[in-house]
Amino acid sequence: MNNSPSPEAFLSVLDAHKGILYKVARAYGKTEQDRQDLIQEMTLQLWRSFPRYDSHYRYSTWIYRIALNVAISSYRKEKHLDSKTEPFSKHILEYVDSKAGQDNENAEKEEQLAQLYAFLDELRELDRALMLLYLDQKSHKEMAAIMGLSESHVGTKINRIKTALRKKFNQK
Amino acid sequence: MELQALQQTWSRYEEKLEQVLRINHQQAADIAQLKSHSLLGSMRPIKLFTLVAGVVWVLLLNALLIAGFSTFHPFFLVSMGIQSLLTTIAIFVYLYQLVLLQRMDLTQPIVSVQAKIARLQTSTLWVTRILFLQLPVWTTFYLNDAMIAQGSTGLWIFQIGITFLFLVAALWLFVNIRIENKEKRWFRLLFQGKEWTPLMQAMSLLEEVDSLTREAQKS
């Protein structure tokens, strides 16, 4: 990739992987404002890193690394980007339909999702990252590349988290 | 419930997100235009004020020490010289940590990046330790020839006692302000409050990273 990437190419990659940003922000941000701040910071960091994108990795690996690194280390931020200040007066990720986010057409599935997020919230930061990757059905190899762990270590950790998850959902 | 069913629920959720979410291209492009996010601009006003006040204090103090070098009493010169030196070191260490944090490569794997960030964040403890070392000089800077020549025994017992107490407290804090003591009551008292929350969170994350590293070595 050349040193002056086009904003269009960046936006196209961002568009194709917007779900990752949303899921990571929802897993780590406590309030809606926190999540929007996280999405802004992730977008900024992705743009800054875009010229150094290593094509040996999939875009999803690259985006997961940055999004998770931003989300996990958000405690260190001195100040969130001020959403009241232009040009950040609107959200980067928006619902096409304002009611779509609260779509209740399948209440049971919504309940399961809420439980899954509640379970994620109980996990420590790094375990939460692994759990997100597991739910996204990433291979152990990709999880290892994102996390910087060996595949066998990922396997061990995932088995532990799965046991906890099973226990949690069997209690319900 | 089967884990596979949960994964399927998640997968359908992902499909739904694809449909209902859209990127606000204008907003994203505006963010993309923001090529440099200044270090000082990212700091909280109170921290920025403290930093600026520290720099101004050191500059004024140094100017005063240089201007009055031949007239000030050696106790004042040495005490304030030590104070200025320790404050300058603390400011440089703090700024260096901020610059390293700002330059962190977030495209690297999670565990290594988080370990680096948490270690840098917890090294803020060094700034506190250095600043506490100043304690004794605040009990010596005002000593002068008249006090030395005419001071009563009571005054000297009080003076030496206070300086000794501050010296012991400074050295004790310098040695004991360490992550290992983070669960101790005095440590929690010293570092309570919102300003210290990131430091406490960094210490917890560091524990998580270290435990992960130990597991990795065993497996």
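The figures follow:
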{"item": "³J(HN,Hα), Karplus 6.51/-1.76/1.60, whole Hz, each residue of the stretch B:66-73, x for Gly, Pro", "result": "5, 5, x, 3, 7, 9, 5, 6"}
{"item": "Threshold 40 Å² - residues in the stretch B:73-117 whose accessible area is reduced by that much or more when the chain is no longer isolated, probe 1.4 Å", "result": "B:106, B:107, B:109, B:110, B:111, B:114, B:117"}
{"item": "Using θ = phi - 60° and Karplus 6.51 cos²θ - 1.76 cosθ + 1.60, couplings along the stretch A:120-129 (whole Hz; Gly, Pro as x)", "result": "4, 5, 6, 7, 6, 3, 6, 5, 4, 4"}
{"item": "Per-residue ³J(HN,Hα) for the stretch A:46-59, Karplus 6.51 cos²θ - 1.76 cosθ + 1.60, θ = phi - 60°, Hz, x for Gly and Pro", "result": "5, 5, 5, 8, 3, x, 9, 4, 9, 5, 5, 9, 6, 4"}
{"item": "Fraction of accessible area attributable to carbon and sulfur, the protein assembly as shown (%, probe 1.4 Å)", "result": "59"}
{"item": "Average beta-carbon neighbours from other chains, 10 Å sphere, peptide A:34-40", "result": "1"}
{"item": "Accessible area in the full protein assembly, largest first, 1.4 Å probe, for A:122, A:41", "result": "A:122, A:41"}
{"item": "Area accessible to solvent at residue B:12, 1.4 Å probe radius, in Å²", "result": "110"}
{"item": "Dipole of the stretch B:80-219, positive direction: furthest Cα of B:122, B:146, B:132, with charges on the beta-carbon", "result": "B:122"}
{"item": "Listed pairs A:138/B:182; A:141/B:116; A:109/A:162; B:116/B:184; A:162/B:184 exceeding 31 Å between Cα atoms", "result": "A:138/B:182; A:162/B:184"}
{"item": "Cross-link partners of residue A:30 among aspartates and glutamates (Cα-Cα below 16 Å; sequence separation of 8 or more within a chain)", "result": "A:41, A:121, A:122, A:125"}
{"item": "At R0 = 22 Å, FRET efficiency that the Cβ-Cβ distance of residue B:59 and residue B:195 yields, to 0.05", "result": "0.35"}
{"item": "Nearest-20 debye value, the stretch B:108-195 charge dipole, Cβ charges on Lys, Arg, Asp, Glu", "result": "520"}
{"item": "Neighbouring partner chain Cβ atoms per residue of A:141-153, average, 10 Å criterion", "result": "3"}
{"item": "Calculated FRET value between residue A:30 and residue A:167, using beta carbons and R₀ = 25 Å, to 0.05", "result": "0.55"}
{"item": "Long-range amide H partners of residue A:93 with built H, under 5 Å", "result": "B:24"}
{"item": "Cut-off under 5 Å, modelled amide H: who pairs with residue B:21 long-range", "result": "A:96"}
{"item": "Fluctuation leader among B:108, B:150, B:26 - chain B, Gaussian network, Cα springs under 10 angstrom", "result": "B:26"}
{"item": "Surface accessible to a 1.4 Å probe, per residue, for the residues of the protein assembly as shown, Å²", "result": "53"}
{"item": "Estimated FRET transfer efficiency (residue B:66, residue B:119; beta-carbon r; R0 35 Å; 0.05)", "result": "0.40"}
{"item": "Peptide B:7-20 - average C-beta neighbours from other chains (10 Å radius)", "result": "6"}
{"item": "Chain pair B, A: total accessible area buried, heavy atoms, 1.4 Å probe, Å²", "result": "6600"}
{"item": "Solvent accessible area, Å² - residue A:167, 1.4 Å probe, full protein context", "result": "130"}
{"item": "Helix-only mean residue ellipticity at 222 nm for chain B, each DSSP H run of n ≥ 4 adding -39500 (n - 2.57), per residue, nearest 500", "result": "-24000 deg cm²/dmol"}
{"item": "Residues with amide H under 5 Å from that of residue A:123, placed H, sequence gap 5 or more", "result": "none"}
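The values are calculated or read from the model by the stated rules, or taken from the named source; none is laboratory data. The model shown is predicted, which means the values in this text are computed figures rather than measured ones. Ideal geometry is used to build each Cβ from the backbone, glycine not excepted, and the neighbour counts take in all protein chains shown. Surface accessibility is based on the protein's heavy atoms, side chains included, excluding ligands, DNA and RNA. Shrake-Rupley method; radii C 1.70, N 1.55, O 1.52, S 1.80 Å.
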